[in-house]
């Protein structure tokens with residue numbers, strides 16, 4: 001059973017690996033360009049799903065508070081980019097977020113929800129700033145609405161996977177499967193650093 005679920009998760013990740021091209025907002029609209037933007041970056045996909053996994057591993061109010069902290073702070077980072085406020089090391093910190101959050105999921109440390117929310121909010125600032133810097137000719141509101149919704153959906157996938165693994169595989173196996181997913185996320189982040 002575990003092998004089938006693991007194989008399905010791998011296929012989902014591979015199947016969602018995009019062509020690494022962004023939609024033209026003039027042709028497809030600002031919302032569509034914003035919505036697809038996080039889906040066209042493997043680093044964004046890994047980080048967003050990992051945030052959901054981390055929230056699921058903490059449980060309780062973290063299921064909504066951790067993703068909400070990420071999405072809200074991501075909007076702040078986007079606004080900072082639009083206002084022309086510089087933020088150093090945006091891309092390195094985004095890659096670091098994939099590795100760090102993956103490691104935290106793998107370690108399954110018992111941290112309070114507020115600490116987890118603060119950590120993901122820190123990384124979200126950089127993710128949002130990157131989206132703002134890559135907006136191009138898109139309209140700010142439609143573009144922001146698109147990438148914020150896509151981000152929330154990717155968080156939901158992570159939360160559902162974490163909660164689902166716990167229920168399907170029973171408590172101990174579910175925790176192990178979630179920890180393995182975190183480890184694979186961190187390895188994916190390392191691969192992106194090496195490949196980049």
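The values are calculated or read from the model by the stated rules, or taken from the named source; none is laboratory data. The structure displayed is predicted, hence computed values, not measured ones. Heads up, the Cβs are rebuilt from the backbone with ideal geometry, glycines too, and the neighbour counts pull from every protein chain shown.
Observations on the model:
- In the set (1) surrounded by 15 or more Cβ atoms within 10 Å (Cβ to Cβ); (2) touching a residue at least 24 places away in the same chain (Cβ under 8 Å); (3) within 18 Å of the chain's Cα centre (by Cα), the condition left unmet by residue 91 is number (1).
- Residue-level check: of (1) surrounded by fewer than 17 Cβ atoms within 10 Å (Cβ to Cβ); (2) modelled with pLDDT under 95, residue 30 misses just (1).
- Meets criteria (in contact (Cβ under 8 Å) with a residue 12 or more places away in the chain and over 12 Å from residue 125 (Cα atoms)) for residue 75: no
- Comparison of 52, 102, 41 shows that the only residue that is modelled with pLDDT under 90, under 14 Å from the mean Cα position of the chain (by Cα) and crowded, with 18+ Cβ neighbours inside 10 Å is 41.
- Just one residue in the set 138, 195 is in contact (Cβ under 8 Å) with a residue 24 or more places away in the chain and out of contact with any strand residue (DSSP E or B) (no Cβ under 6 Å at 6 or more places or on another chain); that residue is 138.
- Of all residues in segment 38-69, those satisfying the criterion of being farther than 20 Å from residue 178 by Cα, part of a helix (DSSP H, G or I) and in contact with a helix residue (DSSP H, G or I) (Cβ under 9 Å, 6 or more places away or on another chain) are 38, 39, 68, 69.
- Just one of the listed residues (144, 177) is at pLDDT 90 or above and surrounded by 17 or more Cβ atoms within 10 Å (Cβ to Cβ), and it is 144.
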